[in-house]
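Trainee: Let me begin by handing over the structure; questions about it come next.
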Amino acid sequence: MGENTRQIKLLIVDDDEKFLGTIAERLGLRDFDVTTATDGEKAITAAKKGHFDVAILDLNMPGMDGTQLLKILKEKHRFLEVVILTGFGSIDSAVECTKLGAFGYLEKPYDFENLLDVLRKAYEARLRKKFEQDRKRLEEIELMAVGSSPLTILRSLSRIDDEEK
């Protein structure tokens with residue numbers, strides 16, 4: 001990877017450890033920064049620490065299923081894009097996951113090149129959302145700076161910063 005680029009930080013969650021190891025290795029060879037989790041709780045813990053760009057979630061897992069995990073991840077990490085990769089897909093689950101904010105929905109067995117394409121597009125969508133948010137924040141700061149006292153500006157900046165957390 002070049003000096004001016006950074007790896008896409010990817011979280012992969014699947015209870016099938018053999019599959020998880022294989023896909024993580026293949027994506028790692030494609031220069032993704034891969035973290036894996038075998039269940040929803042481990043994924044939530046990793047997401048708190050990891051600041052991921054994209055997550056790949058299996059739907060059918062013991063305990064917390066992929067749909068529940070998708071909902072939690074999207075609530076806590078608003079710029080995270082999620083791709084569902086499942087062996088138990090259905091139109092109903094695809095619709096539900098899309099409504100909950102999934103960027104993509106793929107079924108196993110999957111085409112690796114198609115998965116790479118979806119992951120790149122998900123990352124681009126994340127960058128666009130983050131850029132738009134940053135642009136709005138900058139406009140807000142510029143408007144506040146005109147004619148406001150330094151104390152008012154500091155309070156407003158503190159409020160904007162708190163909204164990001």
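Trainee: Identify all residues within region 140-157 that are of a type in the set (Val, Ile, Thr) and either in a loop (DSSP other than H, G, I, E, B) or in contact (Cβ under 8 Å) with a residue 60 or more places away in the chain (or both); write none if there are none.
Mentor: Scanning region 140-157 gives a single hit, 146.
Trainee: Right, next: If I filter region 78-93 for residues that are more than 26 Å from residue 129 (Cβ to Cβ) and part of a helix (DSSP H, G or I), do I get at least one hit?
Mentor: Yes, region 78-93 contains a residue that is more than 26 Å from residue 129 (Cβ to Cβ) and part of a helix (DSSP H, G or I).
Trainee: Taking region 11-33, which residues are more than 17 Å from residue 84 (Cβ to Cβ) and not in a helix (DSSP H, G or I)?
Mentor: Matches in region 11-33: 30, 31, 32, 33.
Trainee: Exactly one condition in (1) among the polar types (S, T, N, Q); (2) under 20 Å from residue 125 (Cβ atoms); (3) in contact with a Leu (Cβ under 7 Å, 6 or more places away or on another chain) is false for residue 38; which is it?
Mentor: In the conditions (1) among the polar types (S, T, N, Q); (2) under 20 Å from residue 125 (Cβ atoms); (3) in contact with a Leu (Cβ under 7 Å, 6 or more places away or on another chain), residue 38 misses (2) alone.
Trainee: In the list 129, 136, which residue meets the criterion of being within 24 Å of residue 13 (Cα to Cα) and out of contact with any Ser or Thr (no Cβ under 6 Å at 6 or more places or on another chain)?
Mentor: Of 129, 136, the one residue that is within 24 Å of residue 13 (Cα to Cα) and out of contact with any Ser or Thr (no Cβ under 6 Å at 6 or more places or on another chain) is 129.
Trainee: Moving on. Please go through (1) modelled with pLDDT under 95; (2) not in a helix (DSSP H, G or I) for residue 128 and return the number of the only condition it doesn't satisfy.
Mentor: Of (1) modelled with pLDDT under 95; (2) not in a helix (DSSP H, G or I), only one is false for residue 128: (2).
Trainee: Restricting to region 21-31, count the residues that are of a type outside the set (Val, Ile, Thr) and under 10 Å from residue 56 (Cβ atoms).
Mentor: Qualifying residue count for the region: 2.
The values are calculated or read from the model by the stated rules, or taken from the named source; none is laboratory data. None of these values were measured; they are calculated from a predicted model. No Cβ is skipped: glycine too gets one built from the backbone with ideal geometry, and neighbour counts run over all protein chains shown.
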